Amino acid sequence: MDWREGTLWVMAVSGSVIIGWDIIVAFFNRVPNDEDTISGITMGASLKFWTLPYAFGILGGHLFMPGVFMRSVTWWGMSIAVGMGISLGVFSLLYGARLAQSRCRVAIRAYGLLNLGLAVGWMFWPQ
């Protein structure tokens, strides 16, 4: 088995375990799903720590958008991406609870953070 095949196996097994566990926990216990599923825990953590949706956006930009501005990964590009993530995390921990928490506001904030991460991943972490 070569490295590529090993990577494919790790990805397939990890994805299957995560999705399977989320489904099992969602359907086979009496605890509300937002308290014990991977999806619920991630959503709750994302409301308090905005770096999570930003990081998912960066990953999406890295994986699915071809690099245009940069041809390869550089230390300063990754520094910008990480610095923005740290800044978002600090801001969310200090001031996030003061912002409106209605479903609409949370959705708009999540959409904005995902798009910001998508743009940063595309510009500063090219594939």
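Every read-out reported here was derived from the displayed coordinates using simple, explicitly stated rules and does not represent laboratory data. Because the structure is predicted, anything quoted here is derived from the model rather than measured. For neighbour counting, all protein chains shown are included, and Cβ atoms are generated from backbone atoms with ideal geometry for every residue, glycine included.
Observations
- Cα gyration tensor, region 15-55 - rounded (a/c under 1.5), prolate or oblate: oblate
- Net charge over other residues, Cβ less than 14 angstrom from the Cβ of Ile41 (K, R count +1; D, E count -1): -3
- Taking the chain as a Gaussian network of alpha-carbon nodes connected by springs under 10 Å, the highest mean-square fluctuation of the residues Met70, Met43, Met11 belongs to Met11.
- GNM top mover of Ile24, Ile86, Ile41 - the chain, alpha-carbon springs below 10 Å: Ile24
- Trypsin sites (Lys or Arg not before Pro) restricted to region 40-127 and DSSP loop, no more than 13 other C-beta within 10 Å: Arg71
- Counting neighbouring Cβ atoms within 10 Å and putting the fewest first, the residues Thr74, Thr51 line up as Thr74, Thr51.
- With the biggest extent put first, the Cα atoms of the chain measure 50, 48, 20 Å across the principal axes.
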